[in-house]
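Trainee: Structure in structure tokens, see below.
What follows draws every value from the coordinates through simple rules; no lab data is involved. Being a predicted model, the structure only gives us computed values, none of them experimental. When we count neighbours, we look across all protein chains shown, and the Cβ atoms used for this are built from the backbone with ideal geometry, even at glycine.
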Amino acid sequence: MLSLDKVVDVIRYFAASTKVTSLYKVKLIKLMWYADALAYKNRGFAITGLVYQALPMGAVPVGHNFIIDLKDIPCEEVDMGETNAYYFAIKEATVFPALSDEDIEIFHDTNFIFYDITPRKRLIFGCFAGISIFRRNF
């Protein structure tokens, strides 16, 4: 079930994470998709409840362009020359009341996938394995 409070806290969690650097919209969308997919695989439902659509460069939430308009989203528009990018960051300590401990654990696993392994192993994980199998084999 869609929970905008959870969507906001998921974005704020990744924006506040010390593991995640240079969090622009594309990376944020990928992290959200991996977290939702991993949550669905592990417990039968996604964290955010967002509906994703397949685009040529990967899955994105339907209505992804409106994420930056949600209340309490730490988003800054950055001029990149011919286009604008959206940068997400939180510097101060933050709490995430809409997220459960189980949600946070899934984010830790998502950070592991993105930041503690090589892209080749990440591809293998994304295509074939669950996180528990992945940790045993690599």
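Trainee: Kindly write out, for region 64-69 in residue order, the coupling ³J(HN,Hα) from the Karplus curve 6.51 cos²θ - 1.76 cosθ + 1.60 (θ = phi - 60°), rounded to whole Hz, with x marking Gly and Pro.
Mentor: 4, 5, 9, 4, 5, 8
Trainee: With θ set to phi - 60° and the Karplus curve 6.51 cos²θ - 1.76 cosθ + 1.60, what are the ³J(HN,Hα) couplings of region 9-18 in order, to the nearest whole Hz, using x for Gly and Pro?
Mentor: 5, 4, 4, 5, 4, 5, 5, 8, 5, 6
Trainee: If you don't mind, another one. Pull up the cross-link candidates among the aspartates and glutamates for Lys30, meaning alpha carbon to alpha carbon under 20 Å and not fewer than 8 places away within one chain.
Mentor: Asp5, Asp9, Asp69, Glu76, Glu77, Glu102, Asp103, Glu105, Asp109, Asp116
Trainee: State whether region 2-111 is rounded, prolate or oblate according to the following rule on the C-alpha gyration tensor (a ≥ b ≥ c being the square roots of its eigenvalues): a/c under 1.5 gives rounded; otherwise a/b larger than b/c gives prolate, and the remaining case gives oblate.
Mentor: On the way: a/c = 1.69, a/b = 1.23, b/c = 1.37.
Oblate shape, in that a/c is at least 1.5 and b/c is the bigger or equal ratio.
Trainee: From the phi of every residue in region 94-106, what ³J(HN,Hα) in whole Hz does the Karplus formula 6.51 cos²θ - 1.76 cosθ + 1.60 yield, where θ is phi - 60° and glycine or proline is x?
Mentor: Here the 3J(HN,Hα) series is 9, 10, 10, x, 7, 9, 8, 4, 5, 4, 4, 4, 5 Hz.
Trainee: Chymotrypsin sites (Phe, Trp or Tyr not before Pro), restricted to region 26-61: which are DSSP loop and have at most 16 other Cβ atoms within 10 Å? Provide the component values of the computation, followed by the final result.
Mentor: On the way: sites: Trp33, Tyr34, Tyr40, Phe45, Tyr52; in loops: Phe45.
Listed in order of number, the matching sites are Phe45.
Trainee: For Tyr52, list long-range residues whose amide hydrogen, built 1.01 Å from N in the peptide plane, is under 5 Å from its own amide hydrogen.
Mentor: Long-range HN contacts for Tyr52: Val62.
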